[in-house]
Amino acid sequence: MGCVRAIRQAKAEHDIVSVGVFPCGQFPQVPINDPKMYPVYAACVEEDLPVFLNAGVVGPRFPTYPQYVEHLGGVCYDFPELTLVTRHGCEPWEKLAMKLMLKWPGLHYCTSAFAPKHYPEEIVNYANTRGADQILYCGYFPAGISLERQFTEMREHEPFRDPVWPKFLRENAIRVLKLDRRLGIS
């Protein structure tokens, strides 16, 4: 409940635009679909805030089970109004993430922690076909991949079709984070 109160207070005092969760980084770890997370998800629905959460194999040497991508399906089922955005790749379950995005329009994927030449093929294909509205750009600067490298690789590898780029680089983030309402962006 401390997290719920903190979310509500941060929304009221600072008009936060999202909540971040690192399931494997909690102590003790808390899986994506753990009942302990449900008050946080409910608060985010009530406050109209998206939840950005790590999914897939965790980078540090921690157990990975809290971030299994299959856990997302149950959360999406139980919270159909919740907007979830996965971070850090969903590896090695990118195809499952794509299948879940087909079922759940509130589920999204951002490209955090990946250099563009390493964007997962399943995710690129999904963005270029049916999922252009669910894939968001997210760099990894200053945590390891410079902005220069990211944008140079995007030009060199051109993973997305022309109509996908505006959604990937700008429009999806504006919609998911509701920046148009907050900042008057059109």
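Could you list which residues have their amide H under 5 Å from that of Phe52, counting only those 5 or more apart in sequence or on another chain, with H placed in the peptide plane?
Amide H neighbours of Phe52, under 5 Å, 5+ apart: Val19, Gly20, Val21, Val85.
Cα convex hull of the stretch 2-183: how many Å³ per residue?
122 Å³
Extending each Cα 7 Å along its Cβ direction at Tyr77 and Ala42, get the distance between those two points in nm, one decimal.
Going by the 7 Å Cα→Cβ label model, 1.9 nm.
Size of the stretch 1-84 along its principal axes in angstrom, Cα-based, largest extent first?
Over the stretch 1-84, Cα extents along the principal axes are 36, 25, 19 Å.
Spin-label point model (7 Å from Cα, Cβ direction): what's the Glu158 to His14 distance in nm?
With each label point 7 Å from Cα toward Cβ, the separation is 4.1 nm.
First measure r as the distance between the Cβ atoms of Ser146 and Arg61, then evaluate 1/(1 + (r/R0)^6) with R0 = 25 Å and state the FRET efficiency to the nearest 0.05.
Calculated value: 0.45.
How high is the relative contact order of the chain, in percent, counting Cα pairs under 8 Å that sit 6 or more residues apart?
Worked out over the chain, it gives 16 percent.
Give the lysines reachable from Lys167 as a straight Cα distance under 27 Å; neighbours fewer than 8 places away on the same chain don't count.
The reachable lysines, counting only those whose Cα sits under 27 Å from Lys167, are Lys11, Lys95, Lys99, Lys103, Lys117, Lys178.
Would you please give the FRET efficiency between Leu169 and Met1, computed as 1/(1 + (r/R0)^6) with r the Cβ-Cβ distance and R0 = 30 Å, to the nearest 0.05?
0.20
Please turn the phi angles of the stretch 18-29 into ³J(HN,Hα) values with the Karplus equation 6.51 cos²θ - 1.76 cosθ + 1.60 (θ = phi - 60°), one per residue in order, whole Hz, x for glycine and proline.
My calculation for the stretch 18-29 gives 6, 10, x, 9, 10, x, 6, x, 6, 10, x, 4 Hz in order.
With +1 on the Cβ of every Lys and Arg and -1 on the Cβ of every Asp and Glu, and nothing else charged, how large is the dipole of the stretch 1-80 about its Cα centre, in debye rounded to the nearest 20?
300 debye
Given a Förster radius of 35 Å and the C-beta distance between Gln26 and Arg182 as r, what FRET efficiency does 1/(1 + (r/R0)^6) yield to the nearest 0.05?
0.75
What are the ³J(HN,Hα) couplings of the stretch 64-70, residue after residue, when phi is run through the Karplus curve with 6.51, -1.76, 1.60 and θ = phi - 60°? Round to Hz, x for glycine and proline.
Karplus-based 3J(HN,Hα) across the stretch 64-70 equals 9, 3, x, 10, 4, 4, 4 Hz.
For Thr152, what is the net charge nearby, where nearby means another residue's Cβ is under 13 Å from its Cβ and Lys, Arg count +1, Asp, Glu -1?
-1
In terms of modelled amide H atoms, which long-range or inter-chain residues lie less than 5 Å from the amide H of His88?
Amide H to amide H, under 5 Å and 5 or more residues apart or across chains, His88 pairs with Ser112.
Specify the residue with the greatest mean-square fluctuation among Met37, Met101, Met154, computed from a Gaussian network of the chain linking alpha-carbon atoms under 10 Å apart.
Met154
Considering only the other residues whose Cβ falls under 14 Å of the Cβ of Arg181, what net charge follows from Lys and Arg at +1 and Asp and Glu at -1?
0
Just so you know, all these numbers are worked out from the coordinates, no wet-lab data involved. Since this is a predicted model, take the numbers as computed values, not measurements. Methodologically, a virtual Cβ is constructed for each residue, glycine included, from the backbone with ideal geometry; neighbour enumeration extends over all protein chains shown.
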